[in-house]
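The values are calculated or read from the model by the stated rules, or taken from the named source; none is laboratory data. Not measured: the values here are computed from a predicted model. When we count neighbours, we look across all protein chains shown, and the Cβ atoms used for this are built from the backbone with ideal geometry, even at glycine.
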Amino acid sequence: MASLELNQLLDMGISHGRARAALKRTRGDVMSAAERVFAGEFDDILSDDEGEDQAESNEAYYQEYNQVMKIDDQDEAIDEDSAEEDGDDFDEDMGYDDSIYNESMSDSEPVASDPYAGIFFSKDRVEEIIEPIEKENLVDIYLPNGKSLQVGMLERGEWMSGCPEGGEQSFLFQLYDMLEDCQMPCSSGCGFLFTRHKRDFFSLFPTFPEYTSYLSHTIRLTCPQCGQVTCLACGERADRLTALEKMNEMGKGKERGSSAFAYSSDVLSTTDGPSTTSTPPTSISPPPRELLHCPALQGVILGVGLHMIDRTFSQGQNQTRQAEDRMHPSNKKRKVTEKEEGLSSVSCGLLLSGKVKNARGTGYAGSTDEDRSGQIKAEEMQRLADSAVSVLLQHVQQYLPNINRQGGPATSDYLVHPTALAHLRRRSNFINALLRNDSLLDMSNRDAIYRALFDWLEIVSNNESLASMLGMPQMRPVRTRPLEGSEDSLVVTYEGAPSPRELLEFVAIQAQAALRGLRHVGSTASEETRVDQEMTEEELQTSKEDIQKKAMTKPEGPRDENATLEAFCLRILKSASTIDLRLAETKGKAFVQRMKEQLPRLEEGIAQAERGEKAKEKSVIQMYEEWATRARFQYVDLRAETSSSKTFAWRHAFSAQITQLENTSLPKRSLAIAKELAILTTNLPVAWHSSIFLRVDEVRVDVLKAMIIGPEGTPYENGCFLFDIFLPLDYNYKSPVVQYMTTNGGRYRYNPNLYPDGKVCLSLLGTWSGPGWISGQSTLLQVLISIQSLILSEEPFLNEPSWADMGGSPQSKAYDANIRRMVLLDAMANNMKTPPYPFENEIQTHFRLKASAIRTQIEKWKTLDDGKMIHGDGWTDANAGPNTNPDIRKSFDGAAAEVKRMLCELEGKQPPAPVDMEASNEKKKKIWRR
């Protein structure tokens, strides 16, 4: 019995005993053998009756064909030199040990077949692969209607490109080599030879339906000698029903898909060139059964289809990026780091460095009339690109292995070809790119492409052979360089990236926040109902049918958009839940548990900084950023206790307005707030040099508080600045209302934009001239980042329009020195003494983790101080009469000493000896007199 046929069945998870019996009964016909096994014909043969000889045979097979080495928890050195010498045939054993993705299958639970079992994946992995530079090869294709069409070819180098795992390269090479120009015998054995042509399988038509329509006309050949029909891909007989097709007809009685196929000769007969339409069809008909005949054909179609998706998606990204560059020609191009990916464009700006540029005047400088023509054009380019990709995804997904296929499953739905697995793993970077978007608002605005994406994920996650790759870190190409001494090869560098499941978690968090926003805007709740507002297990397990029913039965009128967003959010949560379920089946519950421990999540209650020996192993910066990421967004109770149990007061500057809107809301407002919360959950900037923390009332999600950490390199560095925020009844038509709270009891004015009475001057808030709030476009996140970067700036003196040209002047330096003294006394020391609710723990943790850095900062600030006392307004003339307020008359040394004392208390250290400030000041006066 040929070992190749046996190994093909073993590779699909069929036990050795059943595989041998099936091959014997079908006389070596792999297709029929697999069909009979999956049909249950050999269930009486146990999977564990194979003996020691067979165990050795299986082990030899996996070593020869999969080339997988199962290793212990130690990293294996990889010989890169030998990998480069192998070139396209690189089949290096992979031994990457990663605590997250370590596949310890010690569970006693049953685990389904995992084609990548034993291979270790890591997000920290970097690989350099030599790939050929393929020249465009155009060929003439003769269509069934007699016309000819010139198309490109998917050459071998592109077919095999990507970062290889296990024995993937061997399978890719063998299939391509088998389908290149060669002769193939008739399946009846009559001796007639058919001729295969590469163009029949690997032609790149203008559209995918044109490709499949052409393939459906050429894939089945009738022998002129015996009349038997043979599949051109696998060489097997193709004119009779398979065992699975017979079962489908007898068991379900469904109409077979080939009769409903929409893309037949009509597509080819009416198309003479590239199609210009990008509008999705109303429905995608099932593929013809002849294109589902065998796994080899499945591997070819998916390889070509995924190549077309990758090409179309990349072209769309480039076109959109070019449109955005034309809209902002002054923006300097830079490399976006892995950490910054996923942040919205407005939130990643401050992460570039601790220092921020000053705006001219207050808020945004410029006219109130904003030209949005460039933005509108970029949005239109994005819509067209999304439409093209979504159409392609809908067509290609019809050929994914799917046991729930309309009309019943085909053989290739069970017997997945190894090349299909390889292409799906290598060519799915579009999934990560779309999930890395990390903005539910943007996803809902681009619903066409994201509906197609979640349809795709649903099929993949429901197939046990494919689901495991959704939990794998993805290898993506990040750069190329010429291969030294070669003009026709490149060295492509691949780097590990988060798995699709990990990226989906960011979106799932936003979906939960959006659902919460839709359900709890403007409502009150009893004490019992305020405790647990998380998604229930039933909500997480909502079926696709329930989601579709909810979307179809949504009421007419203003709430239509709300119902659509709710259905979209439930779809996201369902996708995450399904992937976890399939990963548990293929890799075990222990793997899923370890993965979930590493996924991002919102902390319930107050987040605590890491302690103990494990925390000491991390750098302070890493520890701080990990803590801040967990603590940046939380739900809290912002109500204040009152004498009456029937009325509510609020720990908030806008308590009266909040109370007036109890149990009052508008559908459009609810939708806007839901989208805002979705953005804020994962997009608030977090960095060592500056972060933003947000607290939302657990029921009244229109009531918020924010704390911004002063950016590095500014007079506000490491100070804690608090703001009360309320989303009014006409939100998002109008901007939120914001009150500044860090004023030292209404005595300190930290900035020309921040008044002692709490007023915040910013054009987005309508409190200053310049580009203002745009209904449906502007967001609360933009407001927060504008305050962080434009108001808490490096040289705040310039925020006053009349002084905008006095950068670096003595007046500006004196203004900065006065702000630094106020920051030390109030934004640091006072906040540590009596930390405001609900940021008590965040303030203490911030100063405890940054204690050493703040001490260094104080010493640096001391060299910049001018020796004067604090002037609370910041506008007071230095020659004005004395102010008797003792808090205002603090010097730099006095404020610094207070900060150091509070830092020692937080760290549990002995505070430094007090300094005689009067004697020190008298000494300074004598020096100045001299």
Selection count where residues are out of contact with any strand residue (DSSP E or B) (no Cβ under 8 Å at 6 or more places or on another chain) and on the phi > 0 side of the Ramachandran plot, scope the stretch 701-749: 4
Sole exception among (1) at pLDDT 95 or above; (2) over 19 Å from residue 867 (Cα atoms) for residue 824, by number: (2)
Residue ranges of helices (runs of 4 or more DSSP H) in the stretch 129-217 with at least 2 members among the aromatic types (Phe, Trp, Tyr) and farther than 24 Å from residue 477 by Cα: none
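Out of 193, 241, report the one residue that is loosely packed, with under 15 Cβ neighbours inside 10 Å, modelled with pLDDT under 90, out of contact with any His (no Cβ under 8 Å at 6 or more places or on another chain) and of a type in the set (A, V, I, L, M).
Going through 193, 241 in turn, the sole match is 241.
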Contacts under 6 angstrom Cβ, first residue in the stretch 161-178 being of a type in the set (Asp, Glu), partner assigned to a loop (DSSP other than H, G, I, E, B), 6 or more apart: 165/94; 165/119
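Is it the case, given these coordinates, that residue 764 is aliphatic (A, V, I, L, M), farther than 21 Å from residue 440 by Cα, under 31 Å from the mean Cα position of the chain (by Cα) and part of a helix (DSSP H, G or I)? Steps first, please.
Values: aliphatic (A, V, I, L, M): yes; farther than 21 Å from residue 440 by Cα: yes; under 31 Å from the mean Cα position of the chain (by Cα): yes; part of a helix (DSSP H, G or I): yes.
In short, yes.
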Residue within the stretch 164-171 that is in the same structural domain as residue 393 (by TED's automatic domain parsing), in contact with a strand residue (DSSP E or B) (Cβ under 9 Å, 6 or more places away or on another chain) and modelled with pLDDT under 90 present: yes
Residue match in the stretch 787-801 (condition: out of contact with any Pro (no Cβ under 7 Å at 6 or more places or on another chain) and surrounded by fewer than 18 Cβ atoms within 10 Å (Cβ to Cβ)): yes
So residue 158, is it under 29 Å from residue 489 (Cβ atoms) and touching a helix residue (DSSP H, G or I) at 6+ places or on another chain (Cβ under 8 Å): yes
Among (1) within 30 Å of residue 666 (Cβ to Cβ); (2) assigned to a loop (DSSP other than H, G, I, E, B); (3) without any contact (Cβ under 8 Å) to a residue 60 or more places away in the chain, the one test that residue 729 misses: (3)
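So which residues in the stretch 773-789 are of a type outside the set (Gly, Ala, Ser) and under 18 Å from residue 722 (Cβ atoms), if there are any at all? Walk me through it before giving the result.
At the first step, the residues of the stretch 773-789 found to be of a type outside the set (Gly, Ala, Ser) are 773-774, 777, 779-785, 787-788.
Matches in the stretch 773-789: 780, 781, 783, 784, 785, 787, 788.
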Residues being part of a loop (DSSP other than H, G, I, E, B), over 24 Å from the mean Cα position of the chain (by Cα) and surrounded by 24 or more Cβ atoms within 10 Å (Cβ to Cβ) - total across the stretch 471-522: 1
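Check the stretch 402-417 and report whether any residue there is of a type in the set (D, E, K, R) and either assigned to a helix (DSSP H, G or I) or under 20 Å from residue 573 (Cα atoms) (or both). Break it down into steps so the answer makes sense when it comes.
So the first thing to find is which residues in the stretch 402-417 are of a type in the set (D, E, K, R), and the list is 405, 413.
The next check asks that each one be either assigned to a helix (DSSP H, G or I) or under 20 Å from residue 573 (Cα atoms) (or both); those that pass are 413.
Yes, some residue in the stretch 402-417 is of a type in the set (D, E, K, R) and either assigned to a helix (DSSP H, G or I) or under 20 Å from residue 573 (Cα atoms) (or both).
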Identity of the residue in the stretch 196-222, over 16 Å from residue 293 (Cβ atoms) and touching a strand residue (DSSP E or B) at 6+ places or on another chain (Cβ under 6 Å), that ends up surrounded by the fewest Cβ atoms within 10 Å (Cβ to Cβ): 199
First in the stretch 434-462 and touching a residue at least 60 places away in the same chain (Cβ under 8 Å), second anywhere and assigned to a loop (DSSP other than H, G, I, E, B), Cβ under 6 Å, 6 or more apart: 436/341; 436/342; 438/342; 439/344; 459/400; 459/402; 460/466
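Could you check the stretch 438-451 and list, in sequence order, the residues that are surrounded by fewer than 21 Cβ atoms within 10 Å (Cβ to Cβ) and either of a type outside the set (D, E, K, R) or over 14 Å from the mean Cα position of the chain (by Cα) (or both)?
Let us first name the residues in the stretch 438-451 that are surrounded by fewer than 21 Cβ atoms within 10 Å (Cβ to Cβ), namely 442, 444-445, 447-448, 451.
Within the stretch 438-451, 444, 445, 447, 448, 451 qualify.
Please work out if residue 396 is β-branched (Val, Ile, Thr), more than 30 Å from residue 793 (Cα to Cα), modelled with pLDDT of 75 or more and outside any helix (DSSP H, G or I). Reasoning before the result, please.
Working: β-branched (Val, Ile, Thr): yes; more than 30 Å from residue 793 (Cα to Cα): yes; modelled with pLDDT of 75 or more: yes; outside any helix (DSSP H, G or I): no.
So residue 396 does not fit the description; no.
Conditions tested, residue by residue: (1) part of a helix (DSSP H, G or I); (2) in the same structural domain as residue 733 (by TED's automatic domain parsing); (3) more than 30 Å from residue 675 (Cα to Cα).
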| site | (1), (2), (3) |
| --- | --- |
| 783 | yes, yes, no |
| 797 | yes, yes, yes |
| 815 | yes, no, yes |
| 828 | yes, no, yes |
| 855 | yes, no, yes |
Wholly within the stretch 587-638, helices (runs of 4 or more DSSP H) carrying at least 1 residues that are touching a helix residue (DSSP H, G or I) at 6+ places or on another chain (Cβ under 9 Å) and modelled with pLDDT of 70 or more: 589-598, 620-631
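From 675, 668, which residue is surrounded by fewer than 24 Cβ atoms within 10 Å (Cβ to Cβ), touching a residue at least 40 places away in the same chain (Cβ under 8 Å) and not in a loop (DSSP other than H, G, I, E, B)? Spell out the reasoning first.
Details: 675 fails: surrounded by fewer than 24 Cβ atoms within 10 Å (Cβ to Cβ).
Only one candidate passes the filter, namely 668.
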Qualifying position, being at pLDDT 90 or above and small (Gly, Ala, Ser), among 122, 203, 113: 203
